[in-house]
Structure formats: C-alpha cells, structure tokens
Amino acid sequence: MTLKLPSTLLRDSALREAAATDLQDIMRLVRAACARYYSPTDPERIYIPIEGVSATHVIVMRNERYYRHSYSLNDNNVVTLGDAQEVNKEFVPVVVVAPSLTEAAASNGASGHFLEAKDDAGKVWEIRVINAGKSKNNTLYPDTLLRESVAKFDGARVFQKSDSEHIKGDGKDFGKLIGRLSNPRFVEAAKGVPAGINADFSVLQTAGDTAAKIKELYDRGMSDAFGFSIDVGGVAKARSGFREAVSITKVNSVDLIIEPGAGGQIIRLVEAKQEVDMFKDRMIAALKAANNGQLPAGLDVDNDAALEAAYREALAPKPDNTAVEAAALREAKATARAVIAESSLPAAAKDKLKSQFEAQTARFTEAEVTAAITSEAAYLAKFTESGKVKAGDFNDTRVTEDRADKVSQQLDDFFSPKAGARLMSFKEAYIDITGDKRVTGLTRDADPARLREALGENGFREALDSGSWADVLGNSITRRMIADYSQPNQYDVYQQLVTVVPLSDFRTQERTRFGGYGDLPAVAEGAAYNPLTSPGDEKATYAAAKKGGTESITLEMIKNDDVGSIRQVPIKMARAAKRTLAKFVLDHLRSNPAIYDGKALFHADHGNLGTAALSAAAYAAARLAMLKQTDMSGNEALGIGPRNLWVPPELEETAANLFRRNTELDKTFVQSLSPNIIPVWYWSDASDWCATADTSDIPLIELGFMDGSQEPEIFTQDAPTVGSLFSNDKITYKIRHIYGAGVLDYRGAYKALVA
C-alpha cells in the first residue's frame, strides 16, 4: 500500500536555494507556520506532523486527516502559508508498485533514502524532554508550568553523563557534549501518554559511538535502557509528601543518563531528508512498475521537473466510475437492510430477503426492495389466515418471535404506571396468553401452542404446561419491579453512607486498615537510623445475608379481574426491597452497634459521642471533634469535618432554621458550613442527631452485594403439580436480595444521644 500524494511533492532547486540553507531548518520554519495556522493563540502547544513537502507545498496530518498547504519562503526566512485543502490517502493495488521501495531505488543507482539517509542516520531524534505530573523523585511539574517554560529549552545543550554526575550537577565538559535541542513544544496528553515537552535532539557528528548506540538500541526496541533528565534552576514549594515546581528560571542542560525520573525518552528517529526523498523514491518505483520494470528511456531522475512530468504522464488518474458504482451499491444495500427490518415480515423471511439483496452485484432501487417485501408477504399469507407460517405436522412449530414480543409488551403495558398504556383487563390477558378460556388454571384447559408463542423461541421446552404462564408473568413483574426499584425516592439517602463492593460468597469478609507512621526522628551526624514504630491496624468484618419474601397471585384475583391488587405486586416488592436495604444501612447510625474493636460505633473512647441537643454550638463541637480525629496509629490529625447532617423528621425544621434561615446577607460561621440536611423517615427518637463525613474522605460503611447485583431478584416458586399452584390455586413469586455491610472506620461519624 502506498500513499498517493499530488505529483508536485518533489524536491527541486528552489528548495535547495532557499534562504534557509539547511533543509531541516526549512522544515522547522514550515512546521512552525503550520502550528501558527492551526493554533494562532498558542502555537507552541501543538506539534504538526509533516507527511510530505516540496518547494511550494506541504502536506500535514491533523486529527487523522491530511491537509495540503501552499507556502513560500522569503529571504528573511518568513514563511507565508496558504489555506488548508483536504487531500485523501489513496491505496492503489500492489501490482502497480515495485517489489519494494528500497529495492526500486537501489536498482536505479539511487541512494535508498526511504528508510534512512546514509549521511544523516541517527543524527536527529524527537525526544520527550519531561512529562507533566509527578516525577519518580516526587516532584510535581504542572502542565501550566511546562507550557510557560517551553522556550527555555530551545538550544539547550545535551551532555552524556553518569547518573551520579547528573545528580551532582557535574560532568559539564566539552568532551561530554553530544548535541543540543531545538524546536521545543508542549504536547497535550493523549491515549494514555501524559502531557509534556517534546523537542528535536540533534546529535553532533563527532558523537559517533553515542549516536550509533542510540540508533541500535532504538532499532532493537531497547530505547527504555536510557533516557533524558533535565538539569534546571527553579523554585519549588513543599507540599504534603512531595514538592511542586512553580517556576523554571534557567535550563542548564538536558542530560543523557540511565535512570531518568520524569519520563525523558527517545520517541522516534527524525530524518528531514527522508521526509522529502521518500516521495521521489516512490515515484521512481511507480514509473518502473508502469513500464515493465524499466524507467522511460532518456529520463534523468536527478532532474526533478522531468521526473515529475514523466510521473504525471504515466500515472495520471483515468476516468473511472468503479468507485462511484461501488458506493451506490453499498448505499442501496444499506437502504434494503433498513426497509426490510422495518417490515412486518417474520424474522426468517426478513433474513431471507436480506441475504438476497446482500448478494446483489448491480445497483438496485428502494422500489425493488419494497416490491420483494410485498411479494414475500403475499406468499406467506397463503399458509395461514393470520400470515403466520405453519409447517405441516412438525409439532405445530410456529414463528413465535413476534408473538412473544407482543405478549411481553401486553403485560408490560398492564403494569405500566402510564394510564394510557395499561391493559385494562388482566383476565383477558391471561386467557389470550394461555388459551384457558374458563380460567381454571388446569393444564388440560390451556393451549400449549399459545404458551410456546408467549415464551418465544428461547423458551422452548420438551414439555410445556400452564406453569409457563407463571414464567411469562414473572418476567413482566421482574421488569416492572426493577424499574420501580431504580426510581429515586426517600430511601436512596443510604447511599451517602456507603462504599459499594461486589461479593462472591457468604463467607465473612475481612477488611484491614493500617495506620501511619509518626514524624521521622532526627538523625545525628554519623549516628545510626533507628527502626520506625510499625503502624497498627484495625480489622472490620461482616458477612452477606439473604433478605426476601413471597407474594402470590391467586386464581380468584385473575377470575375476578382484580386489576388494582395485581398491579401493586411489583410496586410493593420494589419498595419493600429498597426500604429494607435503606433501613439496614441507616440502622448503623440509629442502633449504634458494636464494631470491629468490640465497642459501640459511637463511644466516648472513639471521641465521637455527644449529648447536646442540635444547635449552632453543638454542631460546632461535633465538627471540632471530627477534625481532631487522628489516624488509627494516633500520629496525625485527619482534619476531616462533617458533610451530612442526619436528623429525625422532628428536627428537620430546626436544622433548616439553623443553616438556611436568614443567611443571604450575614452568615455565621456555622451557617457557612452548609451541610446536607437529611431527614430519616423512620427514626423514632425525636432528639438524637448525627453528622458524617463524605465517604470519599473517610469510608464509613462498606456495602457488599452478592455477585455485584444491586437489584433484587424474582423467582417463580411453584409448578402446576407441586406447591401452592397445586394446593392453593395461586402462583407464588419469591423476591431475594443478598447483601451485607460493616463499619470500616468510626472516625467519619459523630452522634449526639440527647437525654
């Protein structure tokens, strides 16, 4: 595959005679002009890949698309860039290309510049100078700082040093100088690669061994064996556990070392000469391929103008409607698929027609597709009055997909909260689905074929009975229950207390939390370092448990068409499940259970228990108590205050008046804290209140769901000959919800038990 670019992409005398005499300098000037074109306010922030260049035009790539610009270069090295014109990357058949580009060039006595320029190989590299973010030496280099400092790296010297020399700032002597940097630019983060500063690294001609070693390591995929590290002067601020660079005042050097700390590395080999010559080599190869492996007689390949003319004459594009016809055929097939899919034909018939039109090799119209659908429908209608296909005596097999979808929608509409969508008679739905016209609930009175259709193709069984009705109904009840369960309501407040995790079994879950170290002790000159006191740990445990129950739909409810009661089944199940879960979590605050250390969650020894009624002073005291909590080793104050205020319904007005009333113009300190006021509907103690931190700051309660399933499940409990369907003429559904929870850290909560 070759990239076919405009025939003007040739190196000619004008390029060589440009005021900027170095080809790489011209490339940089053009690239800089392109950067100003695509980012006029901040051209240094982007890097423009050049895909091809001539004396008059350049092709660049932006966002995976190719653009062609005209340009001119005056005697003052000022580039004037024309507007972008999008061009295509065109793939041509292999048969028009010589055996290989390098072989084609060599057979003509060319220098073989496509892979590498012989004189320039390994002399110019694109490198990552430094990554934004935190280095291995625990220094943070923000994006903004690197953007501001890009220009300081222009012309920076590159030395080859040992790591120890680099760390000490030594090794700056002439013999260790191997090159310098140019064209520095800030590159935004993309596809997992952090943002940072890139630059072109030009290796000195005299650094032959070093250049050869870099090239060999790169070619063998071993470029991570070395890297680049900055030596700069600047200002840094001490942060908690790291330091942050706030300015770079001077770039002393960028050093080639073994263990860089901030991501400095080789990115790719840059061969400006190659970027130009590869197009010339490709044209020579294409000319040979079009002329039985020979160049046109008398052609001077060193004469760029003559080469371009021969290339244009030999390979000028010919009028060809093949691509147009292919596109039209693809569009016709896409239209056919859409029209067939929207038809009312059975699935098998749709598949048949889709295959028929996909096999077409000539363009066809939408009218032809519509006619084929009409013909197929008429053919199928001959087999049954309804248009459904029956196949002889094959166990009354039917195309059931449409029927199953209809039944599901029918029952879903019945349970829908939208009045306009509801099926008004549940009894009629039962009769239509089962064929049990007298509503006896007996297998012999049901129509197995209708049940098969109701279940759909995925529901086929060796033996079908009236228990299938329970399955069909159960599916709709489950969908309605899950929908109601997912609706936000007052029970969702429990989510402010928990961190959710999946569980894989019913065994006791253990969660161990480790404390921290105290301040590091001073070490006298020549003295030994003493062992640090190992941090303590706390181990919290809990286990998953099942919650659930049953609900029944009786024969009487169906026969009497008790619409209201039946519709309430999934709603009641959903609300019961969510209410049970919410109370299970919130009871950790209400009932004050014993936790991992054998003491109550709120305890004097935990420093999180008060007795004062809710007031500004009491809340301020609770906040101060939470701020003073220390890590589990007692070394460091956590400094984390409350985010949520939990109150019984009786205290909701008091809390609102405390934090929200008369606060627009003049807020007290406590009012400025503005916690989330959360009333808990079932708390019966009218005076107690509780404050908790944000769980992202301190995980308070871990809530684990079996297999990660946060919604409850519904099961059909009975069969027609066993259980309540047999003995009590009712269908019983079981709801099951499996989860468990345990307190992870008491430091994120405070409670006032008011007498």
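Looking across segment 617-631 at every residue that is part of a loop (DSSP other than H, G, I, E, B) and buried (at least 18 other Cβ atoms within 10 Å of the Cβ), the one that is modelled with the lowest pLDDT is identified as ASP631. Across segment 567-605, the number of residues qualifying as surrounded by fewer than 19 Cβ atoms within 10 Å (Cβ to Cβ), in contact with a Lys or Arg (Cβ under 8 Å, 6 or more places away or on another chain) and farther than 30 Å from THR554 by Cβ comes to 3. Scan segment 689-732 residue by residue and report those that are hydrophobic (A, V, I, L, M, F, W, C) and at pLDDT 85 or above. Within segment 689-732, TRP689, CYS690, ALA691, ALA693, ILE698, LEU700, ILE701, LEU703, PHE705, MET706 meet the criteria. Inclusion of ALA289 among residues that are modelled with pLDDT under 80 and within 47 Å of the chain's Cα centre (by Cα) is warranted. Every condition in (1) assigned to a loop (DSSP other than H, G, I, E, B); (2) modelled with pLDDT under 50 holds for ALA104 except the one numbered (1). Which members of segment 140-172 meet the condition of being crowded, with 17+ Cβ neighbours inside 10 Å, farther than 16 Å from ASP42 by Cβ and β-branched (Val, Ile, Thr)? Correct list: VAL158 only.
Yes or no: ALA359 exposed (fewer than 15 other Cβ atoms within 10 Å of the Cβ), within 28 Å of GLU331 (Cβ to Cβ) and modelled with pLDDT of 65 or more? For ALA359, the condition - exposed (fewer than 15 other Cβ atoms within 10 Å of the Cβ), within 28 Å of GLU331 (Cβ to Cβ) and modelled with pLDDT of 65 or more - is met.
The values are calculated or read from the model by the stated rules, or taken from the named source; none is laboratory data. Predicted model, so just to flag it, every value in this text is computed and none were measured. Neighbour counts run over all protein chains shown; Cβ positions are idealised from the backbone, glycine included.
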